[in-house]
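Quick note: the coordinates plus some simple rules give every number you see, no bench work behind them. Please read all numbers here as calculations on a predicted model, not as lab measurements. Positions of Cβ are backbone-derived with ideal geometry, glycine not excepted, and every protein chain shown enters the neighbour counts.
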Amino acid sequence: MSRKQSTPTSLKLALAALLCACGLLLSGWAGSAGAQTITVYHFNPESHSDRNLVLKNTFDQYFQVSHNIELQPVDDRSTFEGLIAESPPSLFIMSDWQFHQLEADRKDLIPYLRGLKDNNDTFHKLLIGKGPLSPQHATVAVSGTDDYVYSLLGKMRLNTAPLPMQQLRLLTVPKDIDALLAVSFGMADAALATENSYEKYALLYRNEYQQLKVLGTSQPQKRLVVALFKQHLPALQSALDALVDMDQTPNGQLGLKLLGLDEWTQLKTTRHEGGQP
Amino acid sequence: MIMVLRLLLTLYCAVILSSCQSSAPLASDTGTFKVLVVNSNSTLPRYNVPGQAFKKMMGELELVQVDLAGDEHPIDTLQDTINANSINAIYCIGAKALGSIDYLGGNTPVVYSSVLSWREFQNRKHFFGVTDGVAPAAQLAWFKHFFPDINRIGVLYSETTEDVIQDAQKSAEALSLTLQASRLNAETREQKIMELLATTEAIWILPDPVVLDSEANTITLFELAHDKRIPVFAYNPFFMDLGATLSINADLATTGRQAALMIQSLKQGISPDNSIQFPAGSNVSLNLRKVQQYDLSLDSDALNSVSELLDH
């Protein structure tokens, strides 16, 4: 009798133990999934990529305080786009120009955060030189990638004759100030620089600035965007929150300054809500 | 008979001379433009980085590449290479490459970069180059960009860098900076340093063999500046380890790209605008701990130009 009774009891105990084990396994899996590192990829064709190490160190120092997130700067566009093609549960910091090129093919890629500087999400690039460019050959110092630069120059509002696009030679330099100095010191005929850099140059080098002229102005350019695949939004919320909070700590502010930003702001109308970025 | 021999000798010389000239045309008859790239040692980033950037920009031009790393007979190697190829232009990376090509002579246009002793070659015909360091005027501009409140910059120099100081004085004036230049000699070294530190807001280090005459003296200079909470601005990231606050040095990839543009000009039959160019790109190293320790006013907008941050 006791043996007959003991069998169901044993089964119940075994079942309970199994359920507990499954529960533990499931909770362990969930815990480990929650602890998985979220990667934030960064590539910006608007600026040179010689600063990847300093960006990674600074961002990771900020993220490590309370988040399981890492920055992974990417050297070139094809690698960056190859990563996006795999649709990983990651965040992508990129230029607005590049985002608009990608969004046509990837409808599920949504912009979520926008960089701000001086409460402004827009900037212009200026073509600056000492005079009109020679139609035979002209060197333009630039800090962006060739494809981005040609795209920008092609749509520029010019104050001079049309640019000799076929004859233009690009000298890629690390920074906008380098590009402006290259014009002042005769290594280039013109520089492509943000209006902010040009204003800084005016304060910095009054004599040289006075010899420079704005030859053209780009279309308004939106600042950096943080994009993600819509389906990954819940899993990436903690990383998005960490980015939004960057302006609250010195390390976070440092990371933002390295990107030329003051803060991130959440886009009010994103495509997944039926609006436009 | 003697007249005939003289005539034959003259003709022979003329043929030899004309063949020598035709061995180095600006553009070959076949339409291809062949560039000899001579690297002093491609295992070192100082030479490899500009070489890679150069190659990336050259596109369809045909390159003949020679790496002189470990080569004990570089002149023979280069002579054989030149004999075996119709070379239209030469790009030398580093002093070993340039010195060897210079020894061989010839009329082929030469472009060079990453050569510390570039001044030795600046007056050679057919030689075009990118200097080794960022222009002093550009260095001063960067200092002001990061620290707009610093107006008086002290600099120690000797006879070796006197011409640099003369140019820098004009540049400093254009930047609304005051350059406090103090000439050093061995006897009055420490006294001069202390006098300068008493009146200046920053010290600018130049590549001067008298000022930086020994490791010990260089370290002492940095220590004295640190004791007075005076930031040191340098021309090489090496000095960041000694306690420099800011360093501006040439971006090596950009020098390779500048060399490529010079070669492209030569291909088009155009002499580069300047036979000697300063590096157009810069790498910026900043020590944030020093900025805080010395309570310096840093323009935070300049941070998006930083390539290397230390001690933050």
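Diffusion coefficient of the protein assembly as shown by Stokes-Einstein, Kirkwood radius over Cα pairs, 10 °C, 1.306 mPa s: 58 µm²/s. Distance between the 7 Å Cα→Cβ label points at A:Gln210 and B:Gln191: 4.2 nm. Charged side chains reduced to their Cβ positions (Lys and Arg at +1, Asp and Glu at -1) give the stretch B:224-295 a dipole of some 60 debye around its Cα centre.
In this structure, B:Leu104 and B:Lys56 have a Cβ-Cβ separation that, at R0 = 25 Å, corresponds to a calculated FRET efficiency of about 0.35.
Between B:Asn236 and A:Lys107, take the C-beta separation as r, use R0 = 45 Å, and let me know the FRET efficiency to the nearest 0.05. The calculated FRET efficiency here is 0.35. Towards the positive end of the charge dipole of chain B, with charges on Cβ (+1 Lys, Arg; -1 Asp, Glu), say which of B:Thr199, B:His226, B:Ile276 has the farthest Cα. Looking along the dipole axis, the top candidate is B:Ile276. Looking at the square roots a ≥ b ≥ c of the eigenvalues of the Cα gyration tensor of the stretch A:195-264, which shape do they give, rounded for a/c under 1.5, prolate if a/b is larger than b/c, or oblate? Cα axes put the stretch A:195-264 in the oblate bin. Distance between the 7 Å Cα→Cβ label points at B:Ile276 and A:Thr217: 4.1 nm.
I need B:Thr32, B:Thr200 ordered by Cβ neighbour count within 10 Å, fewest first.
On the way: B:Thr32 12, B:Thr200 22.
Ascending Cβ contact count within 10 Å gives the list B:Thr32, B:Thr200.
Backbone N atoms of the stretch B:217-256 closer than 19 Å to the 7 Å Cα→Cβ label point of B:Ala198 belong to residues B:221-231.
In this simple spin-label approximation, B:Glu215 and B:Ser300 carry label points 7 Å from Cα along the Cα→Cβ vector, and these lie 4.0 nm apart. What the Cα convex hull of chain B gives, in volume per residue, is 179 Å³. Here the scattering of the stretch A:132-210 is modelled by Debye summation over its C-alpha atoms, one equal scatterer each and no solvent; at q = 0.13, 0.24, 0.27 Å⁻¹ the log10 of I(q)/I(0) is -0.37, -1.25, -1.44. Estimated from helices alone, the mean residue ellipticity of the protein assembly as shown at 222 nm is -13000 deg cm²/dmol (sum of -39500 (n - 2.57) over DSSP H runs with n ≥ 4, per residue). When +1 charges are put on Lys and Arg Cβ atoms and -1 charges on Asp and Glu Cβ atoms, the dipole computed for the protein assembly as shown relative to its Cα centre reaches about 1420 debye. Counting every C-alpha pair in the stretch B:200-312, the share spaced more than 17 angstrom apart comes to 62%. Residue ranges A:178-185, A:115-122 sort as A:178-185, A:115-122 when ordered by packing (mean number of other C-beta atoms within 10 Å per residue, highest first).
Can you bin the stretch B:49-135 into rounded, prolate or oblate? Criterion: square roots of the alpha carbon gyration tensor eigenvalues sorted a ≥ b ≥ c, rounded for a/c under 1.5, prolate for a/b above b/c, oblate for the rest. Mind showing how you got there, number by number?
On the way: a/c = 1.38, a/b = 1.14, b/c = 1.21.
Verdict is rounded for the stretch B:49-135.
Ranked by the mean number of other Cβ atoms within 10 Å of their residues, highest first, the peptides A:256-262, A:190-196, A:100-106, A:214-220 fall in the order A:190-196, A:256-262, A:214-220, A:100-106. Amide H to amide H, with H built 1.01 Å from N, B:Cys92 comes under 5 Å of B:Val38, B:Val111, B:Tyr112, B:Ser113, counting only residues 5 or more places away or on other chains. Which one of A:Gly255, B:Gln139, B:Gly105 is farthest out on the positive end of the charge dipole of the protein assembly as shown, using unit charges on Cβ (Lys, Arg +1; Asp, Glu -1) and the Cα centre as origin? Farthest towards the positive pole: A:Gly255. Say the dipole of the stretch A:84-154 comes from +1 at the beta carbon of Lys and Arg and -1 at that of Asp and Glu; which of A:Leu102, A:Tyr150, A:Leu126 then lies farthest toward its positive end? After comparing all options, I get A:Leu126.
Here is what passes the span test in chain B: the DSSP H helices with alpha carbon length of 20 Å or more along the helix axis and a Kyte-Doolittle mean of 1.0 or above are B:2-22.
Could you calculate the FRET efficiency of A:Ser134 with B:Ser176 from 1/(1 + (r/R0)^6), where r is the beta carbon distance between them and R0 is 45 Å, rounded to 0.05?
Values: r = 33 Å, r/R0 = 0.72.
E(calc), rounded to 0.05, equals 0.85.
Rounded, prolate or oblate: which one fits the stretch B:136-203, using the alpha carbon gyration tensor with axes a ≥ b ≥ c (rounded when a/c is under 1.5, else prolate when a/b beats b/c, else oblate)? Oblate, because a/c is 1.5 or more while a/b does not exceed b/c. Per residue of B:276-285, other chain Cβ atoms within 10 Å of the residue Cβ number 6 on average. For peptide A:176-189, the mean count of partner chain Cβ atoms within 10 Å of a residue's Cβ comes to 6. Dimensions of the stretch B:37-194 based on its C-alpha atoms, expressed as ranges along the principal axes with the largest first, amount to 59, 38, 30 Å.
When the Cα convex hull of the stretch B:245-291 is projected onto planes of every orientation, the mean area is 3.6 nm². Sites listed here are chymotrypsin sites (Phe, Trp or Tyr not before Pro) in the stretch B:45-134 whose DSSP assignment is loop and whose Cβ has at most 13 other Cβ atoms within 10 Å, and the list is empty. Which pairs break 25 Å Cα to Cα here: A:Lys117/A:Lys200; A:Lys117/A:Lys268; A:Lys107/B:Lys56; B:Lys170/B:Lys267; A:Lys200/A:Lys257? In this structure, A:Lys107/B:Lys56; B:Lys170/B:Lys267 lie more than 25 Å apart at Cα.
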